[in-house]
Amino acid sequence: MLHVNVSTRKYEIKEYGNVLGPLDLGIELHLNYYKSYDYDVFNPNNVVVLGKGPFVGGGLFGAHRLVFVFRSPMTKGLYASTLGGAAYAFMGVGVDALVIEGKSEHPLIIFLRGSNDGEISVKFEVVDKIHDIYHNYDGFKGVRALVRYILSNYWNFIKDAKARIAAVGPASFNSVFGAIYSPVIDYVTRKILVEDWAARGGPGSVLAQAHNVAAIVFGGDNYKLIPKVLRRFDSVNGIVTAILGEPYVKKVIETTSKYSYDLDIMSGGTFGSNYKIYKEKVPYFNWRTLELSSDLRRKIYDTIINYLWKPFNEKVISSRIWHTCVEPCIVKCKKVDEKGRKIDYEPYNGLGPQLGIFNFDDVSDVVDLADTYGYDAIELGNVLAFLFEALSKNLLRPDELGLDGKPHYDPETYNPKHSSRNASIAIKIIENMTLGKSDTLKVIAREGLRTALKKLSKLLEERTKKVGLKFEDIAVYVPYGDYGYITPNYYISPGVLAPLAVLGRYWTLYSLAFMDPEEYATAALDRALKEYLLDNAGLCRFYRRWVEKHLQDLYKIVYGVEVDLMKHAKEYYKKVIEYQAKSNALPRFWESTKVIRLLESMACEYGSKEWCEKFKKSPKDAALEWWSRFVRYLSSNLGVKFT
């Protein structure tokens, strides 16, 4: 493992045993070595650990996700975020992981390169005028401008090392929900083929504010750590075909059609598939979906199909501008526009239907600005949805956000013509938040949504009494400890709100069902452990339908390691809980009446008669019972105190 101290500009290689992947390593370092729970979340001891899985090499499809482990400035607990395909370049550095510690005096770019003689080069470049670059470089703004600056000034390094860039934008310096941006580059034309992100939990914010690192550029051809069997597709093909008992490529195609192209729906990718899978039951208008009548839901779904989904098919699917994450892979899951901008369900739903924006071009404009500044688009969508509802319910005035009017946010009277107005307001809020033009937006960005909600409820107490709502009651989020929180992925499922150690990603059950808490906790924990194993192996979850059953076989055949993987994942999940306890980041009972109403709607919608009746009788008591029984079951199952 390569440790780089950006304060002293010194680096060293260290060895760690008894870990199966980068998640294991990150947990051990944070929990037992750096003890980052004892410090402020932006203290340099909040190291960023980024590493590759054990199956990189190019032969195994989907095995090249780069994993970031850090203490989240949002949840205040340990978190992990992953970046598609980036380990394909990182493996050439010749190390399993990079650990960034210390804090640079000035914004810094780290350059890593491995050579085929086994040498590893580490260089540093200061970017003194980074905010000028963010403002405009070669006609670009934000994180895209920083990447253009790096491409212009360090092209020979990037081309020769076949390097990948991981960079942060102004959102990472100004907020707790900054993302890490990493484009796939054509090394002949310099063209950006596809953009990708590690976003959830605020990894970019930790890089920027804890370490003053603006970008990491990595590549090379030092493959000494890669087993030769993983460097050849024919070898991997033989191994996996033998494990599966059927042709490897055939199995991959069959199990990934949703992400590539589904003949049944004539579309593909998460955007093309999810709107057809979940139909009327996707979140819109700040999670109000299940409150609406069936007729109105069908009307809104028709709007989504006609104004959002069909234009996506016409402009993106029909163009066949599809890419992989740049690693050798047959699943072209990246559906992009002509500028390489990726179009996925969650960013588009969060910054589209959630805000009453249904026109495809309007949503694209909002997503584009969020990406330009380097925000976590999922988090930003939930924040803006809260702000839109606060404006519509007169909890906030437009001038308090630097606006001159309100969005049209009533689903009963909504017309697709309102889309452009809502998009303009969303864009203005994003600009004002980034530039610090509103005190309210500055608090949300710099301290996070949960802290901002409490401050607003206290500051504007008379207004909340007049309206009859606290600010917390119109936001959808899960509280952690005294100050932490996360907002959910866009699935109307109890699992995205359940009291688990890590949320905001897919470490939960997110199917549309409502069950007794013990049954749900069993299924959610099982899903969390399996997702942990995928991330720890650096594997793309799009392959989960075949790889989860045979991951243990891969460890045994490639490395001779015989391990009970579910037991291993359970032990490390318990270590995550131990860390969350030390950092005051264990789950807390829901603070928002909107969340409780949402759970009630799910219980009734998904056919749980008993829980529907309990919620109707006493919503808060029913929610507390479900939450408490869920937590008790997890505590018993894991053998740890979970609250």
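The values are calculated or read from the model by the stated rules, or taken from the named source; none is laboratory data. All values reported here derive from a predicted model rather than from experimental measurement. No Cβ is skipped: glycine too gets one built from the backbone with ideal geometry, and neighbour counts run over all protein chains shown. The protein model used for the area step is the full one, side chains on, heavy atoms only, and it has no ligands, DNA or RNA in it. Shrake-Rupley method; radii C 1.70, N 1.55, O 1.52, S 1.80 Å.
Here are some notes:
- Cα long-axis angle, helix 269-278 against the chain (0 to 90 degrees, to the nearest 10): 40
- Cα-derived Rg over Rh, computed across the stretch 26-93 with Rh taken as Kirkwood radius: 1.06
- Per residue, the convex hull spanned by the Cα atoms of the stretch 196-302 amounts to 215 cubic angstrom.
- Between Thr522 and Leu435, the FRET efficiency estimated from the beta carbon spacing at R0 = 60 angstrom works out to 0.80.
- Cβ-defined net charge surrounding Gly202, 10 Å radius [Lys, Arg +1; Asp, Glu -1]: 0
- Cut-off under 5 Å, modelled amide H: who pairs with Ile185 long-range: Leu193
- Rg and Dmax of the stretch 343-450, based on Cα coordinates, read 12.6, 35 Å.
- Separation of the Glu412 and Lys617 label points, Cα + 7 Å toward Cβ, nm: 3.1
- For the stretch 235-363, the C-alpha radius of gyration sits at 1.23 times the compact-globule guess of 2.2 N^0.38 Å, with N the residue count.
- Space enclosed by the convex hull of the alpha-carbon atoms of the stretch 391-453, per residue, Å³: 87
- Debye intensity ratio in log₁₀ form over the Cα atoms of the stretch 69-141, taken at each q of 0.11 Å⁻¹: -0.45
- Computed 3J(HN,Hα) for the stretch 8-22, one whole-Hz value per residue from the Karplus formula 6.51 cos²θ - 1.76 cosθ + 1.60 where θ = phi - 60°, is 9, 6, 9, 8, 7, 9, 10, 10, 10, x, 6, 10, 9, x, x, glycine and proline marked x.
- Put simply, the C-alpha atoms of the stretch 564-643 give a gyration tensor, and the ellipsoid matching it has half-axes of 29, 15, 10 Å, longest first.
- Inter-part distance where the stretch 113-130 and the stretch 373-447 are each reduced to a Cα centre, Å: 41
- Here the ratio of the Cα radius of gyration of the stretch 274-342 to 2.2 N^0.38 Å is 1.39.
- Only Cα pairs under 8 Å and 6+ residues apart enter the sum, and on that basis the relative contact order of the chain stands at 15 percent.
- Using alpha carbons only, the radius of gyration of the stretch 128-190 set against its Kirkwood radius gives Rg/Rh = 0.99.
- The stretch 228-283: C-alpha gyration tensor shape, a/c 1.5 cut-off, then a/b vs b/c: prolate
- For the stretch 12-45, backbone nitrogen atoms closer than 19 Å to the point 7 Å from Lys567 Cα along Cα-to-C-beta are found at 18-21, 24.
- Under-5 Å amide H pairs with Ser7, H placed in peptide plane, nonlocal only: Lys103
- Full-extension gain in nm, Glu105 to Asn237, via 0.36 nm per residue minus C-alpha separation: 42.7 nm
- Taking the inverse of the mean 1/r over every pair of distinct Cα atoms in the stretch 368-522 gives a Kirkwood hydrodynamic radius of 16.9 Å.
- Where the Cα pairs of the stretch 315-389 fall when distances are cut into 10 Å bins, in %: 19, 47, 27, 7, 0
- Convex hull volume of the Cα atoms of the chain, normalised per residue: 146 Å³.
- When the convex hull of its Cα atoms is projected in every direction, mean area for the stretch 309-355 (nm²): 3.7
- Using the Karplus relation 6.51 cos²θ - 1.76 cosθ + 1.60 with θ = phi - 60°, the per-residue 3J(HN,Hα) values for the stretch 519-531 come to 5, 5, 4, 4, 5, 5, 5, 4, 5, 4, 5, 5, 5 Hz, with x marking Gly and Pro.
- Take every DSSP beta bridge whose two residues both sit in the chain; close to 80 percent of them are antiparallel.
- Under 5 Å, built H, 5+ apart or other chain: amide partners of Tyr483: none
- All distinct Cα pairs of the stretch 463-583 go into the 1/r average, and the inverse of that average, the Kirkwood radius, is 16.4 Å.
- Couplings for the stretch 24-40, taken from phi via the Karplus curve 6.51 cos²θ - 1.76 cosθ + 1.60 with θ = phi - 60°, read 3, 4, x, 5, 4, 5, 5, 7, 10, 9, 8, 6, 5, 5, 7, 10, 4 Hz in order; Gly and Pro are left as x.
- Heavy atoms of the protein chains alone define the surface here; on that basis the chain has 36 Å² accessible area per residue at 1.4 Å probe size.
- Point-to-point label distance, Arg421-Lys299, nm (Cα→Cβ direction, 7 Å offset): 1.7
- Remark on the chain: Cys325, Cys329, Cys333, Cys540 stand apart, with no other cysteine beta carbon under 4.7 Å.
- Here the label points at Ile277 and Asn306, each 7 Å from Cα along the C-beta direction, are separated by 2.7 nm in the simple model.
- Accessible surface of the chain [probe 1.4 Å, protein heavy atoms]: carbon and sulfur percent: 48
- Two-decimal Rg/Rh across the stretch 518-625, once Rg and the Kirkwood Rh are taken from alpha-carbon atoms: 1.11
- Along its first, second and third principal axes, ordered by size, the stretch 157-252 spans 52, 31, 27 Å in Cα coordinates.
- Available extension along the chain between Asp337 and Asn43 is 102.0 nm, counting 0.36 nm per residue and deducting the alpha carbon span.
- Calculated P(r) tail over 18 Å for the stretch 27-171, as whole % of Cα pairs: 64
- Here the stretch 501-564 is described by how far its Cα atoms reach on the three principal axes: 41, 21, 20 Å, from widest to narrowest.
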